[in-house]
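Each remark here refers to the structure printed beneath this line.
The values are calculated or read from the model by the stated rules, or taken from the named source; none is laboratory data. Being a predicted model, the structure only gives us computed values, none of them experimental. Note that we place each Cβ from the backbone using ideal geometry, even for glycine, and neighbour counts take in every protein chain shown. SASA here: full protein model, heavy atoms, side chains in, ligands and nucleic acids out. Shrake-Rupley method; radii C 1.70, N 1.55, O 1.52, S 1.80 Å.
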Amino acid sequence: MLRPTLVLLAALVAVLLVVPFASGKAAFPVTIHAANGDVVLKARPVRIVSLSPTATEDLFAVGAGAQVIAVDNDSDYPKNAPRTSLSGFTPNVEAIASYNPDLVVISNDGGLVAQLQKLGLTVLLEPAADNVAQAYDEMRQLGLATGHQDAATKLVGSLERQLTTLIRSVPKTSRHLKVYHELEQDYYSATSSTFIGRIYKLFGFRDIADAADSTHSGYPQLSAEYILSANPDMIVLADSVCCGQTASTVAARPGWSNLAAVKHNRVIAVDDSVASRWGPRLIQFARAVAAAARRS
C-alpha cells in the first residue's frame, strides 16, 4: 500500500501531466506554414508588432491582444489596439526594430521580410486572402503562432456557422441578384475574382463588374452608363466613410433613381474598413448583404 505522501505526490504528478493539455495552450516551439515559408517560433511571442489591419483584428479576435505592443497607422480596429505611426505600405525597418519585437506580422512583402530577418526578427507574412477559406487559415495560423490555437479554432468554427446561416437566410428568389460593389465615386468596382466578390458569389449573386474587366485586374473602372445599363438589384457602397456615400446620394445621381437597387431599397453603405479586410468582421459585411437581399 502506498503511503499517504506518495499517494499525494502521484496525484500531483497526474494533475501536472493533464493541465497543459486541458488548458488548450499550444506547446512551443511551433512551426507556421506562412506565405514566407515555414516559420519557427521557439517561444510564445509577447512583443508582437502588426503591420496589417486585418492581422491586427485577427490577433485580438483569437485572444492575443495583450501580446501586441504596436500596430500600424491603418489598424483602426479594435479601438484598444496600440496604434502607432508605423506603416505597412512604406515600412521603416529601423522604426519597427526599435520596438524589439519577438514577432512581426505583415501582409505586404516587397522585400520587407528579408530586411527584418537580417535584423534577426521573426516575421509572418499573411497576405490578402483570395477567399474565405484562406482568411480562416490565416486566423488559425495566428492562433497557433501566439499560443491561442483553441480560441482560433473556435473563432473559425463560429464564423463558418454564422456565414452558412446568413447564406441560407436569403430566399431562393434572391439568389441571382445583380450586384454593384462601389469602391470609389469614380465607379471602381470589384469582380467575383476578388475576396469580396467571392463572398457575393457564395450567396449566388451576379457581379456586374465581371463583364467589364477586360484586363482581368479584378478591379475595373466602370462608367455611369454601364451601371445604368446593367441595372443592378443591389448596390453596396464601400465608400461610405471616405466619401460620404449613402442611399440618398446614390438616388440623387442622374438616372439612378430608376435602378432596381434604389427602387427596392437595396442600396447599403458598409464601413470601408469592413469591406476591404478579410478578418473576423467579414460576418458583419455578410450580414448587411443578406439583410438587403431579403428585402422585396
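Say we join alpha carbon atoms closer than 10 Å with springs in a Gaussian network model of the chain; which of S192, S98, S87 then has the biggest fluctuation? In this elastic network of the chain, the residue with the biggest mean-square fluctuation among S192, S98, S87 is S98.
The residues of the chain expose, per residue, 49 Å² of accessible area to a 1.4 Å probe. Rolled with a 1.4 Å probe across the full set of protein chains, the surface gives T249 an accessible area near 50 Å². Rounded to the nearest 10 degrees, the inclination of helix 149-169 to the longest alpha-carbon principal axis of the chain is 20 degrees.
Evaluating 6.51 cos²θ - 1.76 cosθ + 1.60 at θ = phi - 60° for every residue in the stretch 104-109, the Karplus couplings come out as 10, 10, 10, 10, 10, 8 Hz, glycine and proline recorded as x. Estimated at 0.36 nm per residue, the fully extended path between S98 and A251 surpasses their Cα-Cα distance by 50.1 nm.
Annotation: lysines with alpha-carbon distance below 23 angstrom to K42 (same-chain offsets under eight excluded): K25, K118.
Packing, as the average of other Cβ atoms within 10 Å across residues, places the peptides 107-115, 278-286 in the order 278-286, 107-115, highest first. Accessible area of the chain with a 1.4 Å probe: how many percent of it is carbon plus sulfur? Heavy-atom surface of the chain belonging to carbon and sulfur, 1.4 Å probe: 56 percent. Estimated from helical segments only, the mean residue ellipticity of the chain at 222 nm is -12000 deg cm²/dmol, where each DSSP H run of four or more residues counts as -39500 (n - 2.57).
Where does helix 132-146 land angle-wise versus the long Cα axis of the chain, in degrees 0 to 90, nearest 10? Roughly 30 degrees, rounded to the nearest 10.
Charge dipole (Cα centre; +1 on Lys/Arg Cβ, -1 on Asp/Glu Cβ; no other charges) of the chain amounts to roughly 1280 debye. For K79, the aspartates and glutamates whose Cα falls under 13 Å of its own Cα, not counting residues fewer than eight places away in the same chain, are E57. Site pair K172 and H216 shows an inter-label distance of 3.5 nm when each label is modelled 7 Å from Cα along Cα→Cβ. Using only the Cα atoms of the stretch 175-285, build the gyration tensor, take square roots of its eigenvalues as a ≥ b ≥ c, and label the shape rounded, prolate or oblate: rounded if a/c is under 1.5, else prolate if a/b is larger than b/c, else oblate. Rounded, because the longest to shortest axis ratio a/c is under 1.5. Look at the dipole of the stretch 41-153 built from charges on Cβ: of F60, Y77, N100, the Cα furthest out on the positive end belongs to N100. To the nearest ten degrees, helix 4-23 and the longest principal axis of the Cα atoms of the chain are 20 degrees apart. For the stretch 228-269, relative contact order (Cα pairs under 8 Å, six or more residues apart, normalised by length) works out to 56 percent. Using the reciprocal of the averaged 1/r over all distinct C-alpha pairs, how large is the Kirkwood radius of the stretch 154-199 in Å? Taking every pair of different Cα atoms in the stretch 154-199, averaging 1/r and inverting gives 12.7 Å. Restricting the stretch 119-185 to trypsin sites (Lys or Arg not before Pro) that sit in a DSSP loop and have at most 14 other Cβ atoms within 10 Å of their own Cβ leaves R175.
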